[in-house]
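Chemist: Handing you a structure now.
The values are calculated or read from the model by the stated rules, or taken from the named source; none is laboratory data. As the structure is a prediction and not an experimental result, all values here were calculated from the model. For neighbour counting, all protein chains shown are included, and Cβ atoms are generated from backbone atoms with ideal geometry for every residue, glycine included. All accessible areas refer to the heavy atoms of the entire protein, side chains included, with ligands and DNA or RNA removed. Shrake-Rupley method; radii C 1.70, N 1.55, O 1.52, S 1.80 Å.
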Amino acid sequence: MNDASGTGGSTGAGAVDLLRLDGRTAVVAGGAGAIGAAIAARLAECGATVVVLDRAGREGPPGTTTIDCDLTAGAGVTAAVERVVADTGRLDVVVHAAGITRDGRLWKLSDEDWRAVQAVNLDSAFALLRAATPALRARGGSVVFISSINGARGKVGQAAYAASKAGLEALARTAARELGGSGVRVNAVAPGWIDTPMTASVPVEFRQRALDETATGRLGEPDDVARAVLFLAGDLARHVTGQVLRVDGGQLIG
């Protein structure tokens, strides 16, 4: 008979215990934004020591520590991660939740807009993972990238954004293969429409279209994404790696 307890043959740990992150250190890049802050708050609530990396003047939620960091500067990202490891003695969970968009049909996109989106959404994720890898390999851990369903389906007017998110998912799958032998899991969460300040400025007809696409009859909230990240970060997902978990209310069923 297979043991399905998720505890390596032991039935001593319950589901609540497996959600706990006590004693672990988590870094959330972009943790001052709506989705990033929800993630940072959830991880802290479950016992993790959470450090937010975000640009100057932006603070993570209560219960977390913030380090000013230009995520597009590789050397700065490395220095910030090294500071976290030096201060806490470990690194167990790494979340990349930074993202911007510069919408426009591809023939109207400037080089500057294309590069800006790739720098924040994809290049900084690579820099963060590269910087965190030595500490993660030392004891194992979990990495979660925040992608988008538009990375899989594409979206008119979002060539730069969709390309960056597709690249993020490919990076996650490759890193999962490269780091799995060290006990490091790498996954992505792909939200659909999430109500945030970023989406608040989108014309109402697009919001309604997203709502019509859902199977649940509602649009997502930042905490919906945070709950998925919490699952992937901890021991409940100990045998899950290289996956893209959609949190879209069924927008992209199929």
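Chemist: For region 86-233, state the average projected area of the convex hull of the C-alpha atoms over all orientations, rounded to one decimal in nm². Present the calculation step by step, with values, prior to reporting the outcome.
Modeler: Details: hull surface 39.9 nm².
With every direction weighted equally, the projected area is 10.0 nm².
Chemist: Then there is this: Averaged per residue, what accessible area in Å² does the chain show with a 1.4 Å probe, protein chains only?
Modeler: 48
Chemist: Picking from P61, P197, P134, which is most flexible by a Gaussian network model of the chain using Cα springs under 10 Å?
Modeler: So, out of P61, P197, P134, the one fluctuating most is P197.
Chemist: At most 10 other Cβ atoms within 10 Å and a DSSP loop assignment: could you name the trypsin sites (Lys or Arg not before Pro) in region 99-189 that fit? Mind dumping the intermediate values first?
Modeler: On the way: sites: R102, R105, K108, R115, R130, R137, R139, R153, K155, K165, R173, R177, R185; in loops: R102, R105, K155.
Passing sites in region 99-189 are R105.
Chemist: Can you tell which of V16, V81, V225 shows the greatest fluctuation in a Gaussian network model of the chain with Cα springs below 10 Å?
Modeler: Most flexible of the set in this elastic network: V16.
Chemist: Extension gain D17-K155, at 0.36 nm per residue separation less the Cα-Cα distance, in nm?
Modeler: Working: separation 138, 0.36 × 138 = 49.68 nm, distance 4.00 nm.
Here the answer is 45.7 nm.
Chemist: Under a plain spin-label model, where a point goes 7 Å from the Cα along Cα-to-Cβ, how far apart in nm are M198 and T216?
Modeler: Rounded to a tenth, the inter-label distance reads 1.8 nm.
Chemist: Still on this structure: If each of R209 and Q243 carries a label point 7 Å out from its Cα toward its Cβ, how far apart are those two points in nm?
Modeler: 3.1
Chemist: Could you bin all the Cα-Cα distances of the chain into 5 Å bins starting at 0 and give me the percent of pairs in each, rounded to whole numbers?
Modeler: 1, 7, 13, 18, 20, 17, 12, 7, 3, 1, 0, 0
Chemist: What percentage of the solvent-accessible surface of the chain, computed with a 1.4 Å probe over protein heavy atoms, is contributed by carbon and sulfur atoms? Don't skip to the answer; put the middle values down first.
Modeler: Details: 6320 of 12210 Å².
Result for the chain: 52 percent of the exposed heavy-atom area is carbon or sulfur.
Chemist: Moving on. Compute the relative contact order of the chain as a whole-number percentage, counting only Cα pairs closer than 8 Å that sit 6 or more residues apart in sequence.
Modeler: Numbers: 514 pairs, mean separation 48.9, N = 254.
Computed value for the chain: 19 percent relative contact order.
Chemist: In addition: Out of T65, L106, L122, whose Cα points farthest toward the positive end of the dipole of region 63-141 (charges: +1 Lys, Arg; -1 Asp, Glu; placed on Cβ)?
Modeler: Going by the charge dipole, the pick is L122.
Chemist: Oh, and also: One-quarter of the Cα convex hull surface for region 66-160, in nm²? All intermediate terms of the calculation are to be shown ahead of the outcome.
Modeler: Details: hull surface 26.9 nm².
Mean orientational projected area (region 66-160, Cα hull): 6.7 nm².
Chemist: Same structure, new question: Can you give me the distance in nm between label points at A116 and R137, each placed 7 Å from the Cα along the Cα-to-Cβ direction?
Modeler: It is 3.6 nm.
Chemist: Which of V84, V143, V28 ends up with the largest GNM mean-square fluctuation for the chain, with Cα atoms connected below 10 Å?
Modeler: V84
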